[in-house]
Amino acid sequence: MRSNNFKRDNHYVPRGYLKRWASSDGKLWSYRVLVSRSEVPLWKRVSTRGIGYHEHLYTRIVASGECDELERWLDVEFESPAEEAIQKVVSDRRLSPGDWRALARFFAAQDVRTPARLVENLGRWSQSLPETMQEALQRSVARLEEISAEERAVQGSEVLRDESIPFRVGIGKNSDADCGWIEVETVAGRGLWIWSIQYLLSRSAGLRALERHRWTILTPPDEMTWITSDDPVLKLNFNTPQKYDFGGGWGSPGTYLMLPLGPRHLLFTQVGCRVPPRGSQMDRAKALFIRKLLAEHAHRHVFASSPDKSVPQVRPRIVDTAAFIHESSQWKSWHAEQSQAERQLMGWVNPNSNTSTSAT
């Protein structure tokens, strides 16, 4: 059952982060990458409350109903600890080792929690998930063959469920032979994404690597400010200004890791390399290039403290009515479709109906 303070509106770009670009009335400027018609203004003032979120983006389906555990966990473990550290950064105050760790963890959370990352994962899973599951299944079968019959009886129940992992495992014995079968089902959707977020932010070696990096804060030239976006973490593999990509890793040597923390402060490191002293000012050419990268990396929104004429030049928006309507429709049906698929997978009763659904 939902509590009265259930967190339905999931801000994948935290309001506490965006407020650094907002004026005293809590509003900042937003540039939409995809619009329905050319008459839409290039820049629009928006509230931090009304931007950078989707309903039920992180809602998890459990046997008892709907759970907002991930939203609360992200707040307690990553957003709130980083709030004081970010305030110190933008106030140019001294940072403790704990502050730097909080900033690194905030960087990690902001990297994995966005719709851009969801889209990336869904595309990758559509190609690799069947093979990955088959390999994992073969390893599991090999393990079962190695253990005793008593252990096998305990581990080989008909259906194994773990609410934190959206998998259904079926095991049975053929009636006409001295052998059996095992199958695994999953849904490549919200449940699997939520599990991957929790794994990357709690058990991965990459997170520990981020915490060990030597980070710094860089500022732009005096007449310039940093912009940000709905996908603000940059993991840059750079060769030349014409040859680069955003496919770097948290611990990949040479990768540039960057995240704007405010209009004048950029969290920065280069994996395995010395970094400039905190507060170093970038030259104009490098700062313009980073601003270009920030705009290019945006998913659907670029955010700024004031309208920026250069953003439409480096990131021309897409005017496509059909694509805009289709994407809006997908997000409207997101929660219902994902919830139904997860309940069908696990064979749970829908709390809003009198019927149960079985696994496919």
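Here, each number is a calculation from the coordinates, and none is a lab measurement. The structure displayed is predicted, hence computed values, not measured ones. All Cβ positions, glycine included, derive from the backbone under ideal geometry; neighbour counts span all protein chains shown.
Points worth noting:
- FRET efficiency, 1/(1 + (r/R0)^6) with R0 25 Å, evaluated for V90 and D25 via beta carbons: 0.85
- Spin-label model distance (nm) - E55 vs S329, 7 Å beyond Cα toward Cβ: 1.8 nm
- Full-stretch length increase - S128, S36 - with 0.36 nm per residue and alpha-carbon distance subtracted: 29.8 nm
- Label-point separation, L288 to T240 (7 Å along Cα→Cβ), nm: 1.9 nm
- For GluC sites (Glu not before Pro), the sites in segment 11-99 that DSSP calls loop and that have at most 11 other Cβ atoms within 10 Å are E39.
- Shape descriptor for segment 1-116: Rg over Rh equals 1.02 (Cα atoms; Rh from the Kirkwood inverse mean 1/r).
- Remark: the I318-A205 segment gains 36.9 nm on full extension, using 0.36 nm per residue and subtracting the alpha carbon distance.
- Pairwise FRET efficiency - K309 versus Q281, Cβ, R0 = 22 Å, nearest 0.05: 0.45
- For segment 77-84, the Karplus equation 6.51 cos²θ - 1.76 cosθ + 1.60, evaluated at θ = phi - 60°, returns couplings of 8, 10, 6, 4, x, 7, 4, 5 Hz by residue, with Gly and Pro reported as x.
- Where trypsin sites (Lys or Arg not before Pro) fall in DSSP loop in segment 1-54, at most 10 other Cβ within 10 Å: R37
- Fully extending the segment from R45 to R8, taken as 0.36 nm per residue of separation minus the present Cα-Cα distance, adds 11.0 nm.
- Low-density loop cleavage sites - trypsin sites (Lys or Arg not before Pro) in segment 56-106, where at most 12 other Cβ are within 10 Å (DSSP): R93, R94
- Scanning residues 5 or more positions from S229 or on other chains, those with amide H under 5 Å from its amide H are F303, with H placed 1.01 Å from N in the peptide plane.
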